[in-house]
Structure formats: structure tokens, C-alpha cells
1. Evaluate E = 1/(1 + (r/R0)^6) for A228 and T63, where r is the Cβ-Cβ distance and R0 equals 30 Å; express this FRET efficiency to the nearest 0.05.
2. Quick one: if the Förster radius is 45 Å, what FRET efficiency do H401 and Q187 give, using the C-beta to C-beta distance and rounding to 0.05?
Amino acid sequence: MNEAQASGKLDDYSLERVPQTDRRSWIGIATMRFGQLSALSQFLLGATLGYGMSFWQAFWALTLGSAILEVLSIFLGIAGMREGLSTTLLVRWCGFGRIGSVILSLVVAISLVGWFGVQNQVFADGLSQLLGGPVWAWSIATGILVTLIVIFGFLSMGYTAYIAVPLFVLVALFSIGKAFSHYSLGQLISMPAPGPHISLADGASMVAGGFIVGAIITPDMSRYNRSAADVVKQTVVGISLGEYVIGLIGVLLAHAVKSSDVITIVMSTSGLIGTIILVTATVKINDWNLYSSSLGIVNLADSVFGKRISRAGVALVFGLLGTVLSVLGILAHFQGFLSLLGVAVPPVGSILLVEYFLVRRYRAELDATRPLDKLPDTYEAWNPLTLIAWAAGFAVGQWLHWGIPSLNSLIVGGGMYWLLSALVHGKRAVTYGSVPTRR
């Protein structure tokens, strides 16, 4: 019996494989995945695109960005499902080693805490407009609420999604129905962008950046799946519905209201009750932000210090940190935050996929230990090729002003890692310093 089972925390498995006996229905996980994308943040993204793009420009931006997200999510999800490992554990045997795993844990944790702060401020802004009172006070209250949900673990997060997702969808449909009482669908589609122009490449990168960390941490959820088909179904359903339904509704409503302020949009279309439901629905995405960031720090403590620390304790600390960011006004930097994530994180996913499916240096060890629900005994300390490929992907995405930055960084990062691995390793399984698995 592993530590998670012995402690009764079947929803955690921070540092273990998830056994086949604790795999779950894809429908429940798809609901949580759709819940990640059916939040005020997705309305904010859709409204931002609609304010600076025509309907069809926004449609193609969502299509291109979603394609990047779905490809990454499906293949990373299959790897996570097959191995029963979270992202920050999986990367130890997928090209990153201990040091790369630590760096990735920090990147994921910092990114998700940033997202927690952004969405907690949206939550607080909405409540402040609805009920009065200072935004900072509401930020503190809502931050504590979400933190408590995460401390209770994976199952409580599922229950939150089951309640919030249907209510959110009803409000979204009601809002767009109300807009149709003033404009026809054809009028909304043909309207020019009411705000400053956003290019297709920038729009696609914003879409990818809006959920790229969610794509990278797909194994955090897919490790609970039973088959690759389950991963594909939940990814296609969750991401497609979230991006197209919620994103395009945001685009159309931005055209109708001629604003990118999501609270103004919702207040003018669905009234007080709808706005309350919409704002509180932010809980179901922010709980995942906090959950996965806490998993990253648990991995970091295990890798660096050989210590097993409480995920709930980490969630509490990070919840407080994210709350502070929302009090300080992180929402003002939303577009820059998306752009940075859209080029910094995609190479991580492509490197992981190239190592797991093509280079396969640790595949034998993973295959041997999988039936036993154990981890391989060792992993490499670090892999310089990973850092070089990651830096190359980021540099191209950030400074090459051609094409779609997110796609550029994705292709260059994975391609560079494959090329360097072929040149350096050839057919030899080269590792850079063996490190025992922490027990």
C-alpha cells in the first residue's frame, strides 16, 4: 500500500503512480476540463479578441490556437494516462531530469499562481460591482474560499465543477440569447471590431497562451483515465466546447456591447443573478490553478531536498500568494501575461513528447515498473540538451516576427531537442548523472 492509500488520500498521489484500480470515468474529468475553459477568464479572452478582431478573424484565431492546445493535450494526456504520473513527475523520465523537473515545477507553479491572481481579481471585481465594497477585501475573501476547496482535494474540485459548469453554460446561452433580441446573428458576425486591431498571429498566440499551462499539466488529470480513447474524448469535448462556445460567445457579446469589460458585458445581458453565477463560476478554474501549482512544489521539495511535504499546506501558502497578487492588481498585465506564456511554455510540451514517443531513453524502465505501480529507481540529474532546445524555442517564439509565435516556439523546441538527441545520443541511451528516486 502506498503512502496516498495509507493516508486515505486517494485523490492526491503527489509522488506516486495512480494505480489502475483508482482510474475514473472520462466524463467527470471532461467536465472538469470544460470547467477549466468555461470561466470568466475565457469570456475575458473571447471579449478581448472580439474587441480587436472581426468575428471570422477571431474564429480562425481560436481555431489555430485550439489546434495547438488539443495536439499537446492529447499526446501529453496519453503519456500521463499510460504512466499514471502527474506532469512534474513524468518529466523526470522525459528529458528534463531532476534539475529540469525543478525548473518546470517553478514555471508551472509561478504561472498558475499568476493565473490564480488574475482570475481571483476578476472574481473580486465582479462582486465589488455587484455588492459594493473595496476590491481588495473581496480579493481576500474569494482567495480564501478557493484555497479551502483545494485543500479538501481532487474530489471536492469535481463536485464544484458539476455544480458550476451547468449554471455557467445556462448563463452564457441566456446572455447571447438576450443579445440576439437586439441584433441578428448575421449583424453580430458582420460587425467590425470596435477596438484597436489584433492580428491573427497575435490572436492565435493569445488563445494558445490562455490555456497552454493547462495543456502542459494535462497528465495531472489524465493519470486518472483508463484508456487513450478516454483522453481523446475528454480533450476534444472539453477544449472544443470551451474554446468555441465560450470564446465565440465572448466575441459576439463584445461586438454587441462594444466593450471588452466582461462584467459590463454580462451585467448588460444577463442581469444580477446571471452575473453572480458567472463570477462565482471562476472558482472551478482557480481551484485547478492552485491544485497543480501545489503539485509542482511537492515535486520540487522531493527532488531537491528529499522531503515529502503536504500538498494541502503548499496550496494554503500559494493561495495566500495568489490572493496578494490579485490585491496588487495583476489583472492589468493580462495581455502581456498571455503573450509570455504563449511562447515560453509550448517548447516544454514538445520536448516532453519527443522524448517520450521518439527518443525513449527511459521507456524500458517505465515499462518495467508500470505493472507494479512503482517508479523507476533512478533518473538523470539534468539534461543540457533540454535547456538548449527550450531556450531556442522560446527565443524564436519571442523574437521571430513571422507566423504564429506559439507554434514557432513549439516546433523549434521539439525539433531542436530531437536533432540534438540524434546527434549526441545516436542509438545510445546517454544520461547525465543518475539520481535515486526519492522514497
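1. Numbers: r = 24 Å, r/R0 = 0.80.
With R0 = 30 Å, the Cβ-Cβ based efficiency is 0.80.
2. Numbers: r = 35 Å, r/R0 = 0.78.
My answer for the efficiency is 0.80.
Here, each number is a calculation from the coordinates, and none is a lab measurement. What you are looking at is a predicted structure, and each value in this text was computed from that prediction instead of being measured. Positions of Cβ are backbone-derived with ideal geometry, glycine not excepted, and every protein chain shown enters the neighbour counts.
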